[in-house]
Amino acid sequence: MISKLFRLLPARLPHVLGAALLLAACTPSYNWREIEVADGHARAAFPDRVHTQARDISLGGHTLRFTLAMSEVDGAMFAVGHAPLPPALAADPAGREALGRALMQSLYANLGVQPAQVLPAYGDEIEVHGQAGHKPGWLLARVWVTDTMLIDAVAAGTPDSLPKERAQEFVRAVKLNR
């Protein structure tokens, strides 16, 4: 019986390999999953397993504890970041506005590009093309400032690693919980 299998294997090997390659090609790189993020202030659909990291950042003259929930697929990064606002800043509408604008401007700066003359409204899409290191890079993002939280959603990569449709799918799926 085993000897018969080994005799048939060379004749069927091209078919078996072809089927294996087709199955491998059908394996999706994007495996979307929806989760709560930003301490329950938002919901997002990530294209792969989510990792979280937190660090202090300086933004608009304030030091904030910024937490990122992120995943990576094929060299593209998908992230939702958030930072609770200190009580004094939460009580200051002009301060919240300035902080949100500073976050938007940082998106341009990260790709070595001058910010737009008129920044978009909170929740609107921001598309930036520039340099990520020595390679062309781009990102699609949205920024929100609530009474208590600074939140952003960013899809970033190179033109080859991040299809526009996937970036839009991620960024548009982020919804604030009211």
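The values are calculated or read from the model by the stated rules, or taken from the named source; none is laboratory data. This structure is a prediction, so every number in the text was calculated from the model and none was measured. Glycine gets a Cβ as well: all are built from the backbone with ideal geometry, and neighbour counts include every protein chain shown.
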Problem - Condition check for Ala91: surrounded by fewer than 16 Cβ atoms within 10 Å (Cβ to Cβ) and either among the aliphatic types (A, V, I, L, M) or closer than 15 Å to Val37 by Cβ (or both) - result: yes
Exercise for the section: Would you mind finding the one in Pro47, Pro84 that is under 15 Å from the mean Cα position of the chain (by Cα), crowded, with 17+ Cβ neighbours inside 10 Å and modelled with pLDDT of 95 or more? Expected result: Pro47
Practice task
Please specify each residue of the stretch 166-178 satisfying the condition of being modelled with pLDDT under 95 and either of a type in the set (S, T, N, Q) or not in a loop (DSSP other than H, G, I, E, B) (or both).
Solution key: Asn177
Problem - Test result for Val80, without any contact (Cβ under 8 Å) to a residue 40 or more places away in the chain, closer than 26 Å to Ile35 by Cβ, of a type in the set (A, V, I, L, M) and not in a loop (DSSP other than H, G, I, E, B) - result: no
Handout entry: Qualifying residue in the stretch 110-118 (condition: at pLDDT 95 or above, of a type outside the set (S, T, N, Q) and closer than 30 Å to Arg178 by Cα)
Key = no
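Going by what's in this entry, would Glu125 be described as touching a residue at least 40 places away in the same chain (Cβ under 8 Å), among the acidic types (Asp, Glu), closer than 26 Å to Asn31 by Cα and out of contact with any Asp or Glu (no Cβ under 7 Å at 6 or more places or on another chain)?
Numbers: touching a residue at least 40 places away in the same chain (Cβ under 8 Å): yes; among the acidic types (Asp, Glu): yes; closer than 26 Å to Asn31 by Cα: yes; out of contact with any Asp or Glu (no Cβ under 7 Å at 6 or more places or on another chain): yes.
For Glu125, the condition - touching a residue at least 40 places away in the same chain (Cβ under 8 Å), among the acidic types (Asp, Glu), closer than 26 Å to Asn31 by Cα and out of contact with any Asp or Glu (no Cβ under 7 Å at 6 or more places or on another chain) - is met.
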Problem - Residues being surrounded by fewer than 17 Cβ atoms within 10 Å (Cβ to Cβ) and of a type in the set (Ser, Thr, Tyr) - total across the stretch 50-81 - result: 3
